[in-house]
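The block underneath contains the structure these notes are about, expressed in structure tokens.
Bear in mind these aren't lab numbers, they're just calculated from the coordinates by the rules spelled out. Not measured: the values here are computed from a predicted model. Cβ placement follows ideal geometry from the backbone for every residue including glycine, while neighbour counts extend to all protein chains displayed.
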Amino acid sequence: MDAAGNIQLNGNTVAATELEEKLRQALLQQKEKWVTLRGDQAAGLGAAVNILDAARRAGADAVDIITQQPQ
């Protein structure tokens, strides 16, 4: 997720309205149902929460959040 609100799933841009279904499809192909959220530090918290909620509804067992250390 970037500061402009763009979401990528496995390197492909995904509309927020399609995210839950795309996550569900991706999780069906994985043994471990993990989602990793990597966000731009300027990305909004509300958008991150929406992504976390979509991941849970799509069947994720765990969600990791990756951040970058301030420079």
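Tabulated values for the structure
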quantity: Set A43, A47: member being touching a Gly at 6+ places or on another chain (Cβ under 7 Å) and within 18 Å of A3 (Cα to Cα); calculated: A47
quantity: Within the range 57-71, tally of residues that are on the phi < 0 side of the Ramachandran plot, assigned to a loop (DSSP other than H, G, I, E, B) and surrounded by 13 or more Cβ atoms within 10 Å (Cβ to Cβ); calculated: 2
quantity: Every pair of residues 6+ apart whose Cβ atoms lie under 9 Å, when the first sits in the range 19-35 and is of a type in the set (D, E, K, R) while the second is surrounded by 13 or more Cβ atoms within 10 Å (Cβ to Cβ) and assigned to a loop (DSSP other than H, G, I, E, B); calculated: E20/A58; E21/A58; K22/A58; R24/A58; R24/G59; K33/A58; K33/G59; K33/A60
quantity: Test: Q29 is in contact with a Pro (Cβ under 9 Å, 6 or more places away or on another chain) and either surrounded by fewer than 15 Cβ atoms within 10 Å (Cβ to Cβ) or under 23 Å from A3 (Cα atoms) (or both); calculated: no
quantity: Qualifying residues in the range 36-56 (those that are in contact (Cβ under 8 Å) with a residue 24 or more places away in the chain and surrounded by fewer than 13 Cβ atoms within 10 Å (Cβ to Cβ)) - the one nearest to G11 (Cα to Cα); calculated: T36
quantity: In the range 1-13, residue surrounded by the fewest Cβ atoms within 10 Å (Cβ to Cβ) [restricted to those that are assigned to a strand (DSSP E or B) and under 10 Å from the mean Cα position of the chain (by Cα)]; calculated: Q8
quantity: Test: A43 is more than 9 Å from the chain's Cα centre (by Cα), among the small types (G, A, S) and not in a strand (DSSP E or B); calculated: yes
